[in-house]
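So the structure is just underneath, and the comments pick up after that.
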Amino acid sequence: MQTYLLCTIHGERFAFDVEKVDEVVRMPWVTEVTETPIDVHGIINFRGSSIAVVDPAFRLCGEGTESGLDSFLVIVQLDADQVALIVDGVENLVEATPKPAPTEAATPSFVRGHFDDGQGLTTVVDVAELLRADVQDFVAHARESTVPPP
């Protein structure tokens, strides 16, 4: 059994391994950066460091999130970097043993499995697999950017 942070994106439930989650914060001001991958919103100054803000909805739901003051950022660890994932809502922590994802070709590599905690079906997502190579490159370079504190 593993512990997951349950989040909602476009009304669907997703779970992130709590060991990868550093923190959950309200959506702050995001500094836009030109010529970035479509799912990168920009960068933020988070506790003195510049980190990338990524919208996982493009890969999870097929369309971006309309982020606003009621959105949240799930700050996750990605190797040596942190990345902020935009989510519509954060529900709670849950312990679960997901059923493995089907091995058929239609299942994306970032889906690790599913579970039903009585509140509905939840998709378990591997953050490192979720972020494409071009996004991971941007995440790695974001720490070199300078964003003034809010």
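Only the coordinates and a few stated rules stand behind these numbers; no lab work does. Predicted model only: the values in this text are computed from it and were never measured. All Cβ positions, even for glycine, are placed from backbone atoms using ideal geometry, and neighbour counts span all protein chains on display.
What FRET efficiency do you get for S71 and T103 if R0 is 41 Å and r is their Cβ-Cβ distance, rounded to the nearest 0.05? Provide the component values of the computation, followed by the final result.
Numbers: r = 34 Å, r/R0 = 0.82.
It comes out at approximately 0.75.
What angle do you read, to the nearest 10 degrees and between 0 and 90, between the alpha-carbon axis of helix 133-142 and the longest principal axis of the chain? That helix lies at roughly 40 degrees to the long axis. By definition, a body whose alpha carbon gyration tensor gives a ≥ b ≥ c is prolate when a/c is 1.5 or more and a/b is larger than b/c, and the chain fits this prolate description.
Counting only residues 5 or more places away or on other chains, whose amide H sits under 5 Å from the amide H of F46 once H atoms are built in the peptide plane? Counting only residues 5 or more places away or on other chains, the set is I51. Sequentially through region 18-27, phi angles give Karplus couplings (6.51, -1.76, 1.60; θ = phi - 60°) of 5, 5, 8, 8, 8, 6, 10, 9, 5, 5 Hz, Gly and Pro residues having no value and appearing as x.
For A140 and D22, the FRET efficiency from 1/(1 + (r/R0)^6), where r spans their Cβ atoms and R0 equals 22 Å, is about 0.85. When each of the peptides 71-84, 111-124 is scored by how many other beta carbons lie within 10 Å of its residues on average, the order from highest to lowest is 71-84, 111-124. Between E95 and W29, the simple spin-label model (points 7 angstrom out along Cα→Cβ) gives 4.3 nm.
For the chain, the relative contact order works out to 29 percent when only alpha carbon pairs closer than 8 Å and six or more residues apart are counted.
Amide hydrogen proximity for L78: with H placed 1.01 Å from N in the peptide plane, the residues at 5 or more positions away or on another chain lying under 5 Å are V83. From its DSSP helices (H runs of at least four residues, each -39,500 (n - 2.57)), the chain gives a residue-normalised ellipticity at 222 nm of -3000 deg cm²/dmol.
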